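This report concerns only the one structure given below.
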């Protein structure tokens, strides 16, 4: 099983975790908010950074741009890699080790709507996202992004 230097989540005994290469983005709107994908409806909604799995016919940047548009309706362009981390989790009862590359992305257009029916674009302060994101790796990426912006 491949692991990145940073690995989040816990494994459960007896389960085999399928590795999935993934790409996610942090997209700022001004200084106050970042784009978050809300999955489902409140109060049981879950929150992720926009992004997802890399398909066999695409690279990480292409997957990131496709997933961002599907989940948020936003058109983005990756500008730099923030870092990489693994995330053990259960996706619809399927054990996964998402091998995530996190990017800072630039907003190119915001005139679309999510094509995934259970996804909604939510703009929220990064500090709020830290406590709402369901995956520790996503919260780590936002914190890493916040600290990098502070030092610019």
**Fill in**
residue 44 vs (1) over 10 Å from the mean Cα position of the chain (by Cα); (2) modelled with pLDDT of 95 or more: all pass except (2)
**Prompt:** Can you name the residue in the range 46-100 that is part of a loop (DSSP other than H, G, I, E, B) and in contact (Cβ under 8 Å) with a residue 12 or more places away in the chain and is also surrounded by the most Cβ atoms within 10 Å (Cβ to Cβ) among such residues?
**Reply:** 49
**Message:** Being more than 28 Å from residue 86 (Cβ to Cβ) and in a strand (DSSP E or B) is the filter here; which residues of the range 101-125 pass it?
**Reply:** 108, 109
**Item:** the range 15-34, subset part of a loop (DSSP other than H, G, I, E, B) and at pLDDT 95 or above, residue nearest to the chain's Cα centre (by Cα)
**Value:** 17
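Restricting to the range 113-133, give me the number of residues that are surrounded by 14 or more Cβ atoms within 10 Å (Cβ to Cβ) and touching a residue at least 40 places away in the same chain (Cβ under 8 Å).
Of all residues in the range 113-133, those surrounded by 14 or more Cβ atoms within 10 Å (Cβ to Cβ) come to 114, 116, 119-124, 126, 128-130, 132-133.
Right, trim to touching a residue at least 40 places away in the same chain (Cβ under 8 Å) and you get 114, 116, 119-124, 126, 129, 132-133.
Selection size over the range 113-133: 12.
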**Asked** Does the range 131-146 contain at least one residue that is modelled with pLDDT of 95 or more, assigned to a strand (DSSP E or B) and under 20 Å from residue 44 (Cβ atoms)?
**Response** yes
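The values are calculated or read from the model by the stated rules, or taken from the named source; none is laboratory data. Keep in mind it's a predicted model, so treat the numbers as computed, not measured. Neighbour counts run over all protein chains shown; Cβ positions are idealised from the backbone, glycine included.
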